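I have placed the structure first, in the form of structure tokens, so that the comments after it can refer back to it.
All of the numbers you see were taken from the coordinates with simple rules; none came from a lab. Given the structure is predicted, the values throughout are model-derived calculations rather than measurements. Reconstructed Cβ throughout: ideal geometry from the backbone, glycine too, with neighbour counts over all protein chains shown.
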Amino acid sequence: MNTLNTDIPRSVLLYCRGGFEKECAAEILERTGELGVSGYVKAKPDSGFVAFIPHATEAVSLHDRGLRLKDLIFARQLVFALGPFTELPVADRTQPLLQAARHLGDRFSEAFLETADTNGAKSLAVFLRKFAAPFDRAFKDSGLLGSPSDPRLHLFFLSSIAAYVGISIPGNSCPWLMGIPRLKFPRGAPSRSTLKLEEAFLTFLDDPKESLSPGMTAVDLGAAPGGWTFQLVKHHIKVTAVDNGKLEPALLDTGLVEHLRMDAFRYRPPKPVDWLVCDVVEQPARIAALIGEWTALGLCRRAIFNLKLPMNKRYEEVKRCREIIEARLGRTLNDYSLAFKQLYHDRAEITGYISRHIR
Ligand code: SAM
């Protein structure tokens, strides 16, 4: 990292949902502030990413200081980058990009060619498809390809002649290209929202096999038409589905689902369950209070829940919801892990996960 031209800014790139740059920027400023690192952000509305530029330190040192992707709600990916490199030579973009990569390390586990996840950037897909094969060949020939424990190389294209070149760190990054899981809509699923819970399982669970095992019990609040229940049933979990709306009949035929037509805020299980999932469309603070209560009373061991964000002051609202849950857990808070993420399948909403540690 020492031969780097010092006029090149060193940025922390955060990929996010288009339209959420302001929240992503507020969050990275707050986190880096807590880590004692000052800097500024570039966050163009609807660009699908935010760049944080530290004033006095190398971006990658933020990893050593404890900046973690899992602690960021609005960021899908965390990349320590050089650039942007503009006016890449059309005749050979590969060599300058690989040269920049050499400033970041001498071995990479793989190379991701990426753009922001926005409609504007979609037009770059054709270019990237053509560029991928020659780049891959050059990357393999360069001797830069290492092992899975090495950092991943990211070429984040802003246009066909401008890109950031960065790395993400194993264990502190998202394994998916552009931070997006490629999930297939499962045959027979009653709603697209099923993918939200599937992505939440992939995002939050370190031990999916143990966390989702046959014979477990679950409550699905706001279950209709049944996309989330479908995911639980896929793991042979017994579900009490609470919703006044109609549930997909095939779910009831599995023998694993009981449908209760009642108010999600009034229902309490006769005995504690392994899982609570909640996708009720309501004010986020009200959902947070409900989750806090179920958790504090020990009615569920784990919960995944969606918070539908308001139009304004969205980041403030997220913080308020976290505080509501934390306040409800009070002195027992350390017995729990609490995390939030705006998933790819989330729209103007975020997903929360809380679990009680096993003692
Ligand atoms: N997760 C579901 C799926 O995957 O198919 C979609 C849930 S949908 C976004 C929200 C559901 O919450 C609606 O079916 C609605 O009837 C239900 N709902 C809203 N308020 C409710 C309440 N107070 N009690 C029970 N259900 C409620």
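With springs only between Cα atoms under 10 Å apart, run a GNM on the chain and tell me which of L205, L155, L221 wobbles the most.
Top of the fluctuation ranking is L205.
Could you pull out every residue, at least 5 positions away or on a different chain, whose amide H is within less than 5 Å of the one on F112? Hs are placed 1.01 Å off N in the peptide plane, and Pro or chain starts have none.
Under 5 Å from the amide H of F112 lie the amide H atoms of L153, H154, L155, each far enough along the sequence or on another chain.
What list of ³J(HN,Hα) couplings, whole Hz, do you get for region 180-185 from phi and the Karplus terms 6.51, -1.76, 1.60, once you set θ to phi - 60° and write x for glycine and proline?
3J(HN,Hα) across region 180-185, in whole Hz: 10, x, 8, 9, 8, 5.
Compute the distance in nm between two label points, each set 7 Å from the Cα along the Cα-to-Cβ direction, one at L177 and one at S149.
Computed distance between label sites L177 and S149 equals 2.8 nm.
Which one, A132, S47, V242, projects farthest toward the positive side of the charge dipole computed for the chain from Cβ point charges (K/R +1, D/E -1)?
Of the candidates, V242 comes out farthest on the positive side.
Exactly which trypsin sites (Lys or Arg not before Pro) in region 314-348 are in a DSSP loop and have at most 16 other Cβ atoms within 10 Å? Before the final figure, lay out each step's value.
Details: sites: R314, K319, R320, R322, R328, R331, K341, R347; in loops: R347.
Listed in order of number, the matching sites are R347.
Check region 194-356 and count each lysine pair with an alpha-carbon distance under 19 angstrom, considering only pairs eight or more places apart or from different chains.
Lysine pairs satisfying the spacing and distance rule in region 194-356 number 12.
What is the helix-to-structure angle for 21-34, meaning the angle in degrees between its Cα long axis and the longest Cα principal axis of the chain, kept from 0 to 90 and rounded to the nearest 10?
80
Determine ³J(HN,Hα), in whole Hz, for all residues of region 50-63 in sequence, where each value follows from phi through the Karplus function 6.51 cos²θ - 1.76 cosθ + 1.60 and θ = phi - 60°; x replaces Gly and Pro.
Per residue, the Karplus-derived 3J(HN,Hα) values read 10, 10, 9, 10, x, 5, 10, 10, 5, 4, 5, 5, 5, 5 Hz.
Give the shape of region 233-359 as rounded, prolate or oblate, defined through the alpha-carbon gyration tensor: a ≥ b ≥ c are the square roots of its eigenvalues, a/c under 1.5 means rounded, and otherwise the shape is prolate if a/b is larger than b/c and oblate if not. Walk me through the intermediate numbers first.
Details: a/c = 1.85, a/b = 1.30, b/c = 1.42.
Here region 233-359 falls in the oblate category.
Which angle between 0 and 90 degrees, to the nearest 10, do you get for helix 194-204 versus the longest principal axis of the chain when only C-alpha atoms count?
Once rounded, one gets 70 degrees.
Let me know the Rg and Dmax you get for region 78-181 when you use only its Cα atoms, in Å.
Over region 78-181's Cα set, Rg and Dmax evaluate to 12.7, 36 Å.
Using a simple charge model, +1 on the beta-carbon of Lys and Arg, -1 on the beta-carbon of Asp and Glu, nothing else, what dipole does region 194-356 show about its Cα centre, in debye to the nearest 20? Before the final figure, lay out each step's value.
Details: 23 positive and 22 negative charges, 80 e Å.
Computed charge dipole of region 194-356: roughly 380 debye.
What list of whole percents do you get for P(r) of region 138-255, with Cα-Cα distances grouped in 10 Å bins up to the one holding the largest distance?
11, 32, 23, 17, 14, 3, 0
How tilted is helix 125-141 with respect to the longest principal axis of the chain? Cα atoms for both, answer in degrees (0 to 90, nearest 10).
60
Among T295, Q342, A200, whose Cα sits farthest toward the positive end of the charge dipole of region 194-356 (+1 at Cβ of Lys/Arg, -1 at Cβ of Asp/Glu, about the Cα centre)?
T295
Can you tell me which of G227, G18, G146 moves the most in a GNM of the chain? Springs connect C-alpha atoms under 10 Å apart.
G146
Give me the distance in nm between label points sitting 7 Å out from Cα along the Cα-to-Cβ direction at V90 and E258, one decimal.
Going from the V90 label point to the E258 one covers 6.8 nm.
For the chain, just say rounded, prolate or oblate: build the C-alpha gyration tensor, square-root its eigenvalues into a ≥ b ≥ c, call rounded for a/c under 1.5, and beyond that prolate if a/b exceeds b/c, oblate if not.
Working: a/c = 2.26, a/b = 1.80, b/c = 1.26.
In terms of gyration-tensor shape, prolate.
Taking the alpha-carbon centroid of each part, what is the distance from region 297-359 to region 98-172 in angstrom?
Between the Cα centres of region 297-359 and region 98-172 lies a distance of 34 Å.
Which of the trypsin sites (Lys or Arg not before Pro) across region 71-126 are loop residues per DSSP, with 13 or fewer other Cβ within 10 Å? Don't skip to the answer; put the middle values down first.
On the way: sites: R76, R93, R102, R107, K122; in loops: R76, R93, R107.
In loop regions of region 71-126 (DSSP not H, G, I, E or B), the sparsely surrounded trypsin sites (Lys or Arg not before Pro) are R107.
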